[in-house]
1. Could you compute how fast the range 79-137 diffuses translationally, taking Rh as the Kirkwood radius over C-alpha pairs and applying Stokes-Einstein at 37 °C with viscosity 0.692 mPa s? Give it in µm² per second.
2. Report, to the nearest 10°, how far helix 185-194 tilts away from the longest principal axis of the Cα atoms in the chain, using its own Cα long axis and a range of 0 to 90°.
3. Antiparallel as a % of all DSSP beta bridges within the chain, to the nearest 5?
4. State the Kirkwood hydrodynamic radius of the range 18-99 in Å, one decimal place, computed from all pairs of distinct Cα atoms.
5. Taking a quarter of the surface of the Cα convex hull of the range 1-146, what do you get in nm²?
6. For the range 5-316, restrict the atom set to alpha-carbon positions and state the Rg and Dmax in Å.
7. Gap in Å between the Cα centre of the range 34-50 and the Cα centre of the range 204-258?
8. So what are the range 101-191's ellipsoid semi-axes, whole angstrom, largest first, if each one is the square root of 5 times an eigenvalue of the alpha-carbon gyration tensor?
Ligand code: AMP
């Protein structure tokens, strides 16, 4: 049994600068990255908006992966356009410009045929709009949301409200600190979990991701890469792998959530290896499975070591 996934979020053209390369008007947007990753696992439905400058061939690239793109509205005006820059750290983007275009006045209307979706990803948009979307879905089994510093600064109450209505919150480390008004990620995480979500994912760039739940936490490293070309979309590709895997589970328990983190890390690693969506678009199940196993081996201490009660038992002096 595979559940269906609904994603609501941006489809964009991005200008991206790294210390090595600069590209303009490349395909991006949270919903795009998410759809490429999650469609490896489950049927995906996309709700978004584009302007009249958006190439049909770019929508076709997403549709070719089996994603249902009938929820993409085309409106007169410009598509969402984001410009960002990364320094050598490649950790977080500096936003140079955001041109909302048709995204500015968009109120997502979830098509009737999508309202029975099982899993929902509310990609980074105004939290009030995330709430509006949520109200249109009949009985989702699992809802996850992503957000950003802008909404923590300007819409904290609305964001807290929507966080209290979802199962999984996904933020990067800096955003958790900002939301909790603390330097401590652990405290920030505790504050977010107290609002009600079952789990919090804290994205830590090249250091991986952490899953926080009521019962504990799970820390996964990033997949070690020699070449990183463009970190854009790492978070949304992570979310795509994470929710994609959960869509294949009947009733996800905490062990499934841990596996889902590894799937997320694997998808993110492919996204950052190439520019724009190229890496995640080219990903196949076989290549993802191979990297999943490699990452699992990287973090596994071995069954015998896990069975030891006393790690110092063999130390005699
Ligand atoms: P990520 O690197 O995973 O956080 O997401 C990067 C993508 O998010 C880029 O392709 C941008 O087009 C998109 N993006 C950037 N800022 C916003 C925003 N304010 N609202 C919606 N999408 C955005």
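1. 237 µm²/s
2. 70 degrees
3. Bridges in the chain are about 40 percent antiparallel.
4. Values: mean 1/r = 0.0704 Å⁻¹.
One over the average 1/r among Cα pairs gives 14.2 Å for the range 18-99.
5. That works out to 9.1 nm², a quarter of the Cα hull's surface.
6. 19.1, 76
7. A separation of 17 Å, based on Cα centres.
8. Details: eigenvalues 126, 49, 17 Å².
Square roots of five times the eigenvalues give 25, 16, 9 Å.
Every number here is computed from the coordinates shown, using simple stated rules; none is lab data. Source: prediction; values computed, not measured.
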